[in-house]
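Data block below; observations after.
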Amino acid sequence: MVKRNFLYLFIVVLWTSCSPLKKFSPDDRAWALPEIRAFEKLDLNNNYPEDAILFIGSSSIRLWKTLEEDMAPFPVIQRGYGGAHFRDMVFYTDRILADHSLSMVVCFVANDISGSPKDSTPKEVLRLFKLFVKQVRAKYPNIPIMQIAVTPTQSRWDYWEKINEVNELIEAYCQKTDNLYFIDTVPTYLDAKGQPKPEWFVEDQLHLNQEGYTVWNRIIKAEIERIKKQN
């Protein structure tokens with residue numbers, strides 16, 4: 001175990017020295033530490049089933065209150081934290097994955113392009129996503145990794161062109177990479193005029209309401225079931 005952790009640390013240091021991570025200050029991720037430590041406390045105090053599906057990412061994962069029920073009979077581990085970007089999550093991937101016995105990782109991260117001065121470009125997000133995949137593969141070489149598309153929302157509609165470019169870049173990468181899958185939810189969340197459906201979101205028009213989660217679950221679970229049948 002010590003040898004494996006040392007090897008993983010060496011790989012992370014090597015990636016960091018020649019990756020887009022160099023541009024990010026420690027201050028850009030310090031805010032997430034309490035959430036990460038909370039995950040580690042859960043890992044110390046709870047037993048999780050073998051071959052679980054780990055859901056990782058931002059607040060839409062964290063706020064999915066019916067995740068365990070919705071994904072039954074598949075066992076799940078819920079590891080979303082509010083405001084997650086790939087640019088901070090990749091510093092914590094190993095701590096979030098821990099040493100769980102996993103059959104799949106499902107990821108949703110939606111904040112790297114939000115209108116903030118610190119926004120990444122679509123190509124930078126793709127590079128970060130590739131790094132995230134490498135980090136998962138260092139611990140779990142053979143399990144499926146599923147990436148959920150960033151959902152179109154009214155609150156970030158002004159930035160949708162760049163956000164959807166992220167979707168397109170990640171989807172193209174998934175299509176040419178073994179055991180990596182892209183779950184395209186975008187068409188379902190747009191109306192006949194190509195606008196986000198406000199009735200599936202809470203007041204902030206960013207986070208899903210219960211009906212929105214019901215739709216999300218239907219799409220995501222169908223893809224999980226499809227991939228599990230293939231593996």
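Computed values, structure above
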| quantity | calculated |
| --- | --- |
| Close pairs (8 angstrom Cβ cut-off, 6 or more residues apart or separate chains): closer than 13 Å to I220 by Cβ in the stretch 61-89, β-branched (V, I, T) anywhere | L67/I61; L67/V76; M71/I53; M71/I224; F74/I53; F74/I224; V76/I53 |
| First in the stretch 99-119 and at negative phi and touching a residue at least 60 places away in the same chain (Cβ under 8 Å), second anywhere and assigned to a loop (DSSP other than H, G, I, E, B) and buried (at least 23 other Cβ atoms within 10 Å of the Cβ), Cβ under 9 Å, 6 or more apart | K118/H85 |
| Of residues in the stretch 114-165 being of a type in the set (A, V, I, L, M, F, W, C) and in contact with an Asp or Glu (Cβ under 7 Å, 6 or more places away or on another chain), the one farthest from A84 (Cα to Cα) | M146 |
| Among (1) over 12 Å from the mean Cα position of the chain (by Cα); (2) surrounded by 19 or more Cβ atoms within 10 Å (Cβ to Cβ), the one test that V136 misses | (1) |
| Within the stretch 10-56, considering residues that are small (G, A, S) and more than 30 Å from E225 (Cβ to Cβ), the one modelled with the lowest pLDDT | S17 |
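Residue-wise test of (1) closer than 20 Å to M104 by Cβ; (2) free of Cβ contacts under 8 Å to residues at least 12 places away in the same chain; (3) β-branched (V, I, T); (4) assigned to a helix (DSSP H, G or I).
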site: V136; (1), (2), (3), (4): yes, no, yes, yes
site: I143; (1), (2), (3), (4): yes, no, yes, no
site: Y173; (1), (2), (3), (4): yes, no, no, yes
site: P187; (1), (2), (3), (4): no, yes, no, yes
site: D204; (1), (2), (3), (4): no, no, no, no
site: I224; (1), (2), (3), (4): yes, no, yes, yes
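The values are calculated or read from the model by the stated rules, or taken from the named source; none is laboratory data. What you see is a predicted model, and the numbers here were worked out from it, not measured in a lab. Here Cβ is always computed from backbone atoms with ideal geometry, including for glycine, and neighbour counts include all displayed protein chains.
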